[in-house]
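So the structure is just underneath, and the comments pick up after that.
Bear in mind that the values in this text are calculations on the coordinates, not laboratory data. Everything numeric here is computed off the predicted structure, so don't read it as measured data. Neighbour counts run over all protein chains shown; Cβ positions are idealised from the backbone, glycine included.
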Amino acid sequence: MDSKNTLRCLCKQRETKELKVEGDLGADPIWCNRCNCNLEIEEVPISLDLKSELIHWMGKYGEWIDWDNDDEIVPNGIKFEDEHNKQGLELTNKLQKELGGDYVVIFSPSSFARRNACK
């Protein structure tokens, strides 16, 4: 494996080409899909534009959560989460395209609003 394209993780072989795009607070948006290690976006061999788009998307994670009210959802929270998931899927497709066939990239959508809307 070319060390330039190696992404370090916590898997047994210490590297991965199986990635997951997933939103979370205080984390980068790209994870190892095997060991769930959060990967440093700066180490991912993609364009600066796509890195910027992913970071911006990640910064919007949780806009559907009312943090001051026991983690309830805000009005229209499901709509906000759905839009975030739609953007995340689009970014996942861009990421896969830029990385090419050497990597497998999946998207893990947020389900917080839908889970908590029924409370």
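Of note:
- Residues whose amide H lies under 5 Å from that of Leu19, counting only those 5 or more places away or on a different chain, are Asn33, Val104, Val105, Ile106; hydrogens are built 1.01 Å from N in the peptide plane.
- Within the listed set Val105, Val21, Val44, the Gaussian network model of the chain (springs between alpha-carbon atoms below 10 Å) gives the highest mean-square fluctuation for Val44.
- Between the range 36-66 and the range 81-119, the Cα center-to-center distance that results, in Å: 11
- Structure-based [θ]222 nm, the chain - -39500 (n - 2.57) summed over DSSP H runs of at least 4, per residue, nearest 500: -11000 deg cm²/dmol
- 3J(HN,Hα) along the range 52-66: 5, 4, 5, 5, 4, 4, 5, x, 8, 4, x, 4, 8, 9, 8 Hz, from the Karplus curve 6.51 cos²θ - 1.76 cosθ + 1.60 with θ = phi - 60°, whole Hz, x for Gly and Pro.
- Highest-fluctuation residue, Pro109, Pro29, Pro75 considered, GNM on the chain with Cα pairs under 10 Å: Pro75
- Among Trp67, Trp31, Trp57, the largest mean-square fluctuation in a Gaussian network model of the chain (Cα springs under 10 Å) belongs to Trp67.
- Among the GluC sites (Glu not before Pro) within the range 12-107, those in coil by DSSP and having at most 15 neighbouring Cβ atoms inside 10 Å are Glu40, Glu63.
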